[in-house]
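Undergrad: One structure, as structure tokens, below. Some questions next.
No value in this document is a laboratory result; all are computed from the given coordinates. The shown structure was predicted, so the numbers you read here are calculated from the model rather than taken from an experiment. Cβ coordinates were reconstructed from backbone atoms using ideal geometry, including for glycine residues, and neighbour counts include every protein chain displayed.
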Amino acid sequence: MRKSEAEELIEQAYAAWDAEEWRRAADLYERVLAHFPDETSSAEWWYDAALGHKFLRDWDKAYELGVQAAARAPRGEGDPAFWNLGIAATIRRDWAVARDAWAGFGVRLPDGEGEIDARLGHACVRLDTDGAHEVVWIERLCPTRGRVMNVPVTGGRRYGEIVLHDGQPNGERVLDGTAFPVFDELLLFEPSELPTLQVTVAAGEPADLEALLALFADHDFGAEPASAVTMHCSCCGEGTLHKERHTPGTGAQRVSLAAPEEDARRLLDRWAGEKAIGRTWSGLEIMG
């Protein structure tokens, strides 16, 4: 391939990229890179080709091209080639490459081998289930994975599942003056075995409901009152939202639970039996 032909193909790739024709753009880049892998601009072409396949959710190709892009990127300077490779390597569960990619980006993780469980604090993820969006809190396990800490209201989603998310925040939640990023989900990484239940509880005072939530949490289960769920339009949900800590209410109210049914009944009975007056439950249902 002559350089003049390569330049023409790169111009076509740029045009395809601007038109969001990701596959065509990536294919054009790859045609050029097969002949000119190490030109001055090749690092950019490798990166764009890998990114195009990321947009297409073709993770094997994103990984293959991402390795080449990262090999031509400066280490420790936050180059996005490393971040995208970290995502693709994580999806493939290639933990050695993922660890090296995060280090190349500049993320410091605890030393170790195998699956990353770094506990990097909390963030939010916008779940995406057939177009239904729900923002939930996660405990971050690595730069791109987190464990869901809410009981989702979206059908088919569960407390405790591990989701893989993008690296660019799309909104934020501010709680007690601290801003937490909201990331978009890329895929469900590991499902949860805990079913979602709903129950009606009657709490004589706020401390009664707090005790119920704490009891389920102590057993690594989830419990969340319906009053803690807030609905927002998509434009507001992708902006900055100031959140207040949920204040438990009193009286009859619906609570979502994440636990095996037998365990849920046992804990509900235990909770109700701890006080002679003021705590009852009824109507336990399996939701999914």
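Undergrad: Please list, in chain and number order, the residues 5+ apart from T280 or on another chain whose amide H is under 5 Å from its amide H, with Hs placed from the backbone.
TA: Result for T280 returns A202.
Undergrad: Further question on the same structure: Using 0.36 nm per residue of separation minus the Cα-Cα distance, give me the extension gain between R265 and D27 in nm, one decimal.
TA: 80.1 nm
Undergrad: Residue separation times 0.36 nm, minus the C-alpha to C-alpha distance between H35 and H133: what's the value?
TA: Once the chain is fully extended between H35 and H133, it gains 31.0 nm.
Undergrad: Which whole-Hz ³J(HN,Hα) couplings does segment 150-166 yield from phi under the Karplus relation 6.51 cos²θ - 1.76 cosθ + 1.60, θ = phi - 60°, glycine and proline marked x?
TA: Per-residue couplings from phi come out as 9, 9, x, 8, 6, x, x, 9, 9, 4, x, 6, 9, 10, 10, 10, 6 Hz.
Undergrad: Return the sequence-ordered ³J(HN,Hα) values of segment 261-266 in whole Hz as given by the Karplus equation 6.51 cos²θ - 1.76 cosθ + 1.60 applied to θ = phi - 60°, using x for Gly and Pro.
TA: 4, 4, 5, 4, 4, 4
Undergrad: Leaving out same-chain residues fewer than 8 places away, which aspartates and glutamates sit with a Cα under 15 Å from that of K3?
TA: Candidates past the 8-residue exclusion: E11, E30, D38, E39.
Undergrad: Going by average Cβ neighbours within 10 Å, how do the peptides 41-48, 104-111 rank, with the highest at the top?
TA: Highest mean packing first, the order is 41-48, 104-111.
Undergrad: Does segment 106-192 classify as rounded, prolate or oblate by the C-alpha gyration tensor (a ≥ b ≥ c root eigenvalues; a/c under 1.5 gives rounded; else a/b over b/c gives prolate, otherwise oblate)?
TA: Because a/c hits 1.5 or more and a/b fails to exceed b/c, segment 106-192 counts as oblate.
Undergrad: For segment 120-126, what does the Karplus curve 6.51 cos²θ - 1.76 cosθ + 1.60, with θ = phi - 60°, yield as ³J(HN,Hα) per residue in whole Hz, taken in order and with x for Gly and Pro?
TA: Karplus-based 3J(HN,Hα) across segment 120-126 equals 9, x, 10, 7, 10, 10, 8 Hz.
Undergrad: List the residues whose amide H sits under 5 Å from the amide H of V174, counting only those 5 or more places along or on another chain, with H placed 1.01 Å from N in the peptide plane.
TA: Result for V174 returns F180, L241, H242, K243.
Undergrad: Return the FRET efficiency for the residue pair A19, E64: r is the Cβ-Cβ distance, R0 is 22 Å, and the value is rounded to the nearest 0.05.
TA: Once the sixth-power term is evaluated, E becomes 0.35.
Undergrad: Related question: Rounded, prolate or oblate: which fits segment 10-133, taking a ≥ b ≥ c as square roots of the Cα gyration tensor eigenvalues, rounded meaning a/c under 1.5, else prolate when a/b beats b/c?
TA: Oblate shape, in that a/c is at least 1.5 and b/c is the bigger or equal ratio.
Undergrad: Taking square-rooted eigenvalues a ≥ b ≥ c of the alpha carbon gyration tensor, is the chain rounded, prolate or oblate, where a/c under 1.5 means rounded and, failing that, a/b exceeding b/c means prolate?
TA: Because a/c hits 1.5 or more and a/b exceeds b/c, the chain counts as prolate.
Undergrad: Something else now. Under 13 Å from the 7 Å Cα→Cβ point of R254, by amide nitrogen: which residues of segment 159-203?
TA: 197-201
Undergrad: Can you tell me the length gained on complete extension of the stretch Q198 to E285, counting 0.36 nm per residue apart and subtracting the Cα distance?
TA: Contour length minus the Cα-Cα distance gives 30.8 nm.
Undergrad: Roughly what would the spin-label model give for E11 and A214, points 7 Å off Cα along C-beta, in nm?
TA: 7.1 nm
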